[in-house]
Every structure is written in structure tokens, then in C-alpha cells.
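Computed from the coordinates by the stated procedures, all read-outs in this text should not be read as laboratory data. Just so you know, these numbers come straight off a predicted model, no measurement behind them.
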């Protein structure tokens, strides 16, 4: 799964990497983004506008918004079939800018897992593949939420966990963000592990275990 990530790059660099999209005028660096919190996302809307979505998908048909707590990730192998995700896969896709994520490695004989920070070797921002939806609350307000798609691990990630987030190559952003409905056959080739040789990982402090710890020390090598 993908349960924590970062977005610490300067807004100007993020805008430069992701191209011709409209971004919020200001946002602060985040070193420990956790589920149920707002995350920056670019939905496949024609207006090409990035905004903040709550991490944890609440399908538009859901009666109870707490379902979002269970839908922070969507398995790439089954998103075309699962009721919670198949509509989004066809109609409502997004990319979620990031510059790193965390995973916890279990060690034989140790009760406490070791957190690792995973990032691109060039330390530049990149994009998770995601789905989004809009849920109408009883008071009439619209709540926009998202989920991160996961897949089998690459060689690097397989030493840490049995899943990894789907990371899109920049050349694939246009297809993923096409506002037109898409068939699974047209998108399934994008649901794959990202190349290992572009990525790096290092152990970090257990400081990251608590969502309230959102500071630069979270990514410092242990």
C-alpha cells in the first residue's frame, strides 16, 4: 500500500514539472502527508486545474463517508471491476504530485518495522496515478476525495513491501488526464511498477510513524 508521502518541492518547481495546469497560489511543504488529510491533485477536468482533495475516496453513491478511511489505495489489478473504483477508472482519473513516499520494512526478530523514504534519484517531483470523486454531504456541501492506485513492487520496493504506488511517466500524463471516458484496455498498460533504476530509498527515523510529525527531520537518513 501507500500510506504516507511528501510534497516538499518549491511550488515553482512543481509547476515547472507538471506543465500547463493552474495551481493554488500558495501551499506549504509537507513531509508526512497522511490519509484523511488534504492532498494536492490534478483531476482530469477540462479546466486543467489542480486543487486539494481529501485522501480517501468517498464514492458519489456512498451513504457513509467513513468508507473513505478504507479506500486510501486502489489495487490496480482490480480497479476495472470493483464498484468503488470502476467508475473512476473510466471517468475520473487524477495525478497526485509528490516527491517521495514512505514504506515500512519488517525485520526478522524485531517487533518494530523500519520506515524507509523512497524517492527519485534526481529528487525531482513525480506523480502517483489516482482516482477522484465528488460526494454530496447531507448539508449540501461537495466533498472531493481521491485514492492512490497501487501495483506489484519493482525490484527496489520488493525488498521493503509487496506493493508500491503506480507512478506515471510524464509522457503518460495526457492520456491519464484525458477528460473523455476511457476503456480499461486503453489504460491498463499504465498500471505497472516504475523502473527501479530511477529510484532510491533510505531508512528514516520512526518520527514519521506519527502523522502529527510533519517536519524536515522525517526524511533525513537514519
Q: Express the Stokes-Einstein translational diffusion coefficient of the range 7-60 in µm² s⁻¹, to the nearest whole number, given a Kirkwood radius over alpha-carbon pairs, 37 °C and a viscosity of 0.692 mPa s.
A: 269
Q) By the gyration tensor of its Cα atoms, with a ≥ b ≥ c the square roots of the eigenvalues, what is the shape of the range 97-222: rounded for a/c under 1.5, prolate for a/b over b/c, or oblate? A) oblate
Q) How high is the relative contact order of the chain, given as a whole-number percent (alpha carbon pairs under 8 Å, six or more residues apart)? A) 24
Q. Hey, any idea what Rg/Rh is for the range 117-170, computing Rh the Kirkwood way over Cα pairs?
A. 1.15
Q: Evaluate 2.2 N^0.38 Å with N set to the residue count of the range 29-143, then give the Cα radius of gyration divided by it.
A: 1.20
Q. Given just the C-alpha atoms of the chain, how large is their convex hull per residue in cubic angstrom?
A. 133
Q.
Can you show me the helix-derived [θ] at 222 nm for the chain, built from DSSP H runs with n ≥ 4 at -39,500 (n - 2.57) apiece and divided by the number of residues, rounded to the nearest 500.
A. -2500 deg cm²/dmol
